[in-house]
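What follows is a single structure, written as structure tokens, with notes after it.
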Amino acid sequence: MSDMEVQSASLPAPGLTQWQRVADTFTAPSKTFEDIKHGNKSWWMPLIIMAIVGYLFFAAVYTRVGMQQVVDNQIRMDPSTAARMEKVPPEQREMSMKISLYITEGIFIASPVMVIIIAAIVSLVLWGTINFAFGGKATFGGVLAVWFYASLPSIVKTLLGTIVVFSGMAPESFNIKNFAPTNLGAFLDPVETNKALYALATSLDAITIWTMVLLGMGIAIVAGVKRGSGYIAVFAWWAIIVLVGVGVAAVTG
């Protein structure tokens, strides 16, 4: 064997491109996470894809529903908020409505920044959990990259929501907090249904569970631990968040 052949055999295999990692997230996710483990931690492509799909959804809601209608629907679907709004003077009510409108539009516009902030917080928690509770060796950058790729299924939900908006639905029935039929709550009346039950039903979301499975697999791979440890770390935190949400809904509902 020549020296050139020996050197070629010793070189590491080239990493996947970001497009390959995106595609593999849906078809062979372990390949994506193994590539991240080997040091390819770029995550800007998933962020760009999620931002583009998110802005398409925003454009659909803005043109077919209207942002003021979105705010009106949220107030109407929350009887306690609607009751409070009825008690305030007209001038104060109008100002509150304007503030709610600006906040809603601002959330849509700044969504990529919010995604990065949420990703950093969640990744920090999972990084600490998988390393200190399960003896993993993940880096924060690796967990952050896993989070972005594992979150790609969210574009499926956003695209479904866009289709729903363009399907001819009545603007008055649009619920920005549950805009796609991917969970049990989408088939319940948010006004008539018990708030705790509705919160639980909304949490049982197919896309969310898909994302949690990918996230558990991904952090286990980059941390070098059993996949069961990754699933426990992710689903334990998810269960806590769901229980807290259901509890708050029960108290405030």
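Where a number appears in this text, it was derived from the coordinates with a stated rule and is not lab data. Remember, predicted model here, so these are calculated numbers, not experimental data. Virtual Cβ from ideal backbone geometry, glycine too; neighbours counted across all protein chains shown.
Overview of results
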{"quantity": "Debye, to nearest 20: dipole size of the chain, +1 on Lys, Arg Cβ, -1 on Asp, Glu Cβ", "calculated": "340 debye"}
{"quantity": "Cα-based shape type of region 204-250, given that a ≥ b ≥ c are square roots of the gyration tensor eigenvalues and the cut on a/c is 1.5", "calculated": "prolate"}
{"quantity": "Full-stretch length increase - Ala236, Leu184 - with 0.36 nm per residue and alpha-carbon distance subtracted", "calculated": "16.6 nm"}
{"quantity": "Extended-chain gain in nm, criterion 0.36 nm per residue less alpha-carbon gap, Val248 and Ile109", "calculated": "47.3 nm"}
{"quantity": "Peptides ranked, highest mean first, by Cβ atoms within 10 Å: ranges 150-156, 90-96", "calculated": "150-156, 90-96"}
{"quantity": "Charge dipole (region 31-252, unit charges on Cβ, about Cα centre) - positive-most of Leu47, Asn131, Ala145", "calculated": "Asn131"}
{"quantity": "Projected-area average for region 31-252 over all orientations - Cα convex hull basis, square nanometres", "calculated": "12.8 nm²"}
{"quantity": "Footprinting exposure proxy for Tyr102, Tyr55, Tyr149, Tyr198 (fewest neighbouring C-beta atoms within 10 Å first)", "calculated": "Tyr102, Tyr55, Tyr198, Tyr149"}
{"quantity": "Pairs beyond 32 Å (Cα-Cα), from Lys98/Lys157; Lys157/Lys226; Lys31/Lys157; Lys31/Lys195; Lys37/Lys195; Lys98/Lys195", "calculated": "Lys31/Lys195; Lys37/Lys195"}
{"quantity": "Cα-based helix-to-principal-axis angle, 44-64 vs the chain, degrees rounded to 10", "calculated": "20 degrees"}
{"quantity": "Pairwise FRET efficiency - Phe132 versus Met45, Cβ, R0 = 30 Å, nearest 0.05", "calculated": "0.50"}
{"quantity": "Semi-axis lengths, Å, region 88-165, gyration tensor of Cα atoms, sqrt of 5 times eigenvalues", "calculated": "36, 18, 10"}
